1. Grab the strands (runs of 3 or more DSSP E) fully contained in region 62-132, keeping just those with 1 or more residues being touching a residue at least 12 places away in the same chain (Cβ under 8 Å) and touching a Ser or Thr at 6+ places or on another chain (Cβ under 7 Å).
2. Of everything in region 326-355, what is out of contact with any helix residue (DSSP H, G or I) (no Cβ under 8 Å at 6 or more places or on another chain), modelled with pLDDT of 95 or more and open to solvent by less than 60 Å² (accessible area, probe 1.4 Å)? Give them in sequence order.
3. What residue, of MET262, MET276, MET300, is surrounded by fewer than 23 Cβ atoms within 10 Å (Cβ to Cβ) and in contact with a strand residue (DSSP E or B) (Cβ under 8 Å, 6 or more places away or on another chain)?
4. So PHE315 ticks every box in (1) surrounded by fewer than 23 Cβ atoms within 10 Å (Cβ to Cβ); (2) in contact with a Leu (Cβ under 6 Å, 6 or more places away or on another chain) but one. Which box is left unticked?
5. Could you say whether any residue in region 112-119 is open to solvent by 50 Å² or more (accessible area, probe 1.4 Å) and either touching a Gly at 6+ places or on another chain (Cβ under 7 Å) or under 25 Å from LYS73 (Cβ atoms) (or both)?
6. Taking helices (runs of 4 or more DSSP H) that do not extend beyond region 255-364, which have at least 2 residues that are aromatic (Phe, Trp, Tyr)?
7. Please give the number of the condition PHE70 fails out of (1) in contact with a Lys or Arg (Cβ under 6 Å, 6 or more places away or on another chain); (2) among the aromatic types (Phe, Trp, Tyr); (3) open to solvent by 40 Å² or more (accessible area, probe 1.4 Å).
Amino acid sequence: MKSSLPENLNEVVEMEKILLISNDVLHYREKIYNYFFDKFRERGYDFQVLSNRFQNVNYDLKFVHYEIPFSAKQYIAKIKEIKPQYVILFLHLKDKVMLPIIGYCKVNRIPVIYWNHGINIKTPNDKVKNAIFHFIHNQCDALITYTPDMRKYFSEKNQKKLFVAYNTLNFTDIDKETVPDKEITKKKYGISENKVILYISRMMPYKRVDFLMDAFADLEDIAVVMVGPGFSKEQQKKVDSHQNLYYLGEKYGSDVNEVYKMGDVFSTPGHIGLAMNEALFWGLPVVLLEGTHAPEIYYMKNGTTGYLAKDEEDFKKYMVDLLHDEERLSKMSKACLEVYDKEVSIDRMFQGFKDAIEYCKKGG
């Protein structure tokens, strides 16, 4: 078990406690929860997190956090110990601790908020899974989802207790002015091409990184720069055999920020998630293939913040034409920054959580 304690324990004791129970807490969620801790604290709440795992990337975590392997008995014991006034669940159906936790909280009159897609969007027509999801929705005191488009996955009777927390990332600690200029970073990595396509994500087959490399290999003025875990030996051989392909390894924090600032266009062709938000923050138009993407595709304004191509031929044409049209590239970059400010900032995400807590506090 791990825990980190705020400085003023006496102040925390007097606060109402919000306990978020999650599965693996990845590095980007840790930054979000730091932001939530500060914002909830301003409103008189102590925000804590209980999870089966925290990814260790040496972030300074502000919130009290507990790392305990999944066990209904241990998790309920920890809830008894913490005595939260509100519990937020960020769990999958396969996480078998969820139903016992909901049952315990209902018996003990602790409001439960379920943060979820509504259904499993990878299996939208699975009647059994959908029935379980809707049962859980009915049992919970409030619900949080990612975008307005996802309201359709919740029943009509639960709409009044459903709140939208626009899913995003926490960039409040980034000062773009202190990040090295793109030419400095290009020189650092030996990138000589005029324009840069960025792929920053896990190297999963469905994201189509191989297609991206094949489509733009050997173009003299366009570099394809890839960052993320899971790069194979075969993919590295492909990089080694083409002058304009670059794999920079895994990068986080300031190291990945300088790579984002170096880019001109972003693409994980077959599937995009929160990388959409990050691209918008850095003013990078996004070019993707039509298909199944994560909820963050909501922020794609086709023709404004990027392009959704119907096939591989269209994808390559959109990308090459955009990179060779400086005026259009600049216009789309500005549009990305505007959409980020209006729709994707961390404040909009926090608002959904705050509204759900206030709803529960009023008794629904």
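1. Result: 64-67, 86-90.
2. SER330, SER333, ALA335, GLY352, ASP355
3. Answer to the check: MET300.
4. Single failed check for PHE315: (1).
5. Scanning region 112-119, I find no residue that is open to solvent by 50 Å² or more (accessible area, probe 1.4 Å) and either touching a Gly at 6+ places or on another chain (Cβ under 7 Å) or under 25 Å from LYS73 (Cβ atoms) (or both), so the answer is no.
6. 312-323, 346-361
7. (1)
The values are calculated or read from the model by the stated rules, or taken from the named source; none is laboratory data. Nothing here was measured: the structure is a model prediction, and the numbers come from that model. All Cβ positions, glycine included, derive from the backbone under ideal geometry; neighbour counts span all protein chains shown. The accessibility values were calculated without ligands, DNA or RNA, using every heavy atom of the protein model including side chains. Shrake-Rupley method; radii C 1.70, N 1.55, O 1.52, S 1.80 Å.
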